[in-house]
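**Student:** Next up is a structure, given as structure tokens.
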């Protein structure tokens with residue numbers, strides 16, 4: 001190998017070594033920055049989760065409205081019944097949005113978890129969240145109320161039939177049970193803020209919410225089968 005070629009080879013080796021070192025340095029720097037951002041996201045998510053759960057609105061007012069409609073007299077003023085249905089729809093929409101937000105903030109962080117854009121532009125890290133999010137949509141009490149409202153005004157005379165009354169009563173009972181579960185978990189969520197363990201365990205609440213959502217979905221499915 002000639003002397004110029006030897007010099008070129010040495011320079012090439014030096015450039016490769018320097019380039020590799022620079023790449024590894026920058027890669028480690030960006031990886032540290034990325035992990036730091038993930039940590040900040042986790043901390044923000046944890047704080048949001050605790051606030052949302054501890055300040056969760058009660059489902060009892062919605063249950064009470066459904067019970068009023070279910071127990072209404074056949075000769076009740078139609079305008080009064082319709083107003084109750086509208087009130088229940090607003091309450092149901094608020095409760096469902098609250099459940100969807102709790103689910104979205106119930107991220108399960110691990111070393112390899114990556115926040116991803118998911119259903120309705122939400123950000124989630126687990127398949128469990130996605131499945132629960134879909135289930136919450138299917139269990140949304142607003143949907144049967146919308147159908148009940150339409151059918152009520154379509155019937156002559158305007159009546160709430162027996163099957164609808166039973167459905168409303170069953171939904172109210174399950175909403176009361178759902179409220180008990182969330183209320184019981186509020187103290188657990190409040191205690192999380194004082195724990196050194198992070199990330200906070202959020203899957204237990206999702207596991208407890210799931211049977212309620214499945215029951216609400218089942219009640220609605222039974223109502224549609226009877227038509």
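The values are calculated or read from the model by the stated rules, or taken from the named source; none is laboratory data. Because the structure is predicted, anything quoted here is derived from the model rather than measured. Please note: Cβ atoms are built from the backbone with ideal geometry, for glycine as well, and neighbour counts cover all protein chains shown.
**Student:** Would you mind telling me which numbered condition in (1) loosely packed, with under 13 Cβ neighbours inside 10 Å; (2) over 25 Å from residue 133 (Cβ atoms); (3) modelled with pLDDT of 85 or more residue 184 fails?
**Tutor:** Only one criterion is unmet by residue 184, namely (2).
**Student:** For a quick check of your reading of the model, give me the residue pairs whose first member lies in the stretch 155-169 and is over 14 Å from residue 144 (Cα atoms), whose second is buried (at least 16 other Cβ atoms within 10 Å of the Cβ), with beta-carbon atoms closer than 7 Å and at least 6 apart or on different chains.
**Tutor:** Pairs that qualify, where the first residue is over 14 Å from residue 144 (Cα atoms) and the partner is buried (at least 16 other Cβ atoms within 10 Å of the Cβ), are 158/152.
**Student:** Still on this structure, I have one more. When the stretch 72-96 is examined, which residues are found to be in contact (Cβ under 8 Å) with a residue 12 or more places away in the chain and in a loop (DSSP other than H, G, I, E, B)?
**Tutor:** Across the stretch 72-96, the qualifying residues are 72, 74.
**Student:** Any residue in the stretch 144-160 that is under 18 Å from residue 92 (Cβ atoms), at pLDDT below 95 and assigned to a loop (DSSP other than H, G, I, E, B)?
**Tutor:** Yes, because at least one residue in the stretch 144-160 is under 18 Å from residue 92 (Cβ atoms), at pLDDT below 95 and assigned to a loop (DSSP other than H, G, I, E, B).
Residues are listed down the side, and each one gets a yes or a no for (1) closer than 18 Å to residue 172 by Cβ; (2) modelled with pLDDT under 95:
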position: 65; (1), (2): yes, no
position: 69; (1), (2): yes, no
position: 72; (1), (2): yes, yes
position: 79; (1), (2): no, yes
position: 84; (1), (2): yes, no
position: 97; (1), (2): no, no
position: 107; (1), (2): no, yes
position: 117; (1), (2): no, yes
position: 128; (1), (2): no, yes
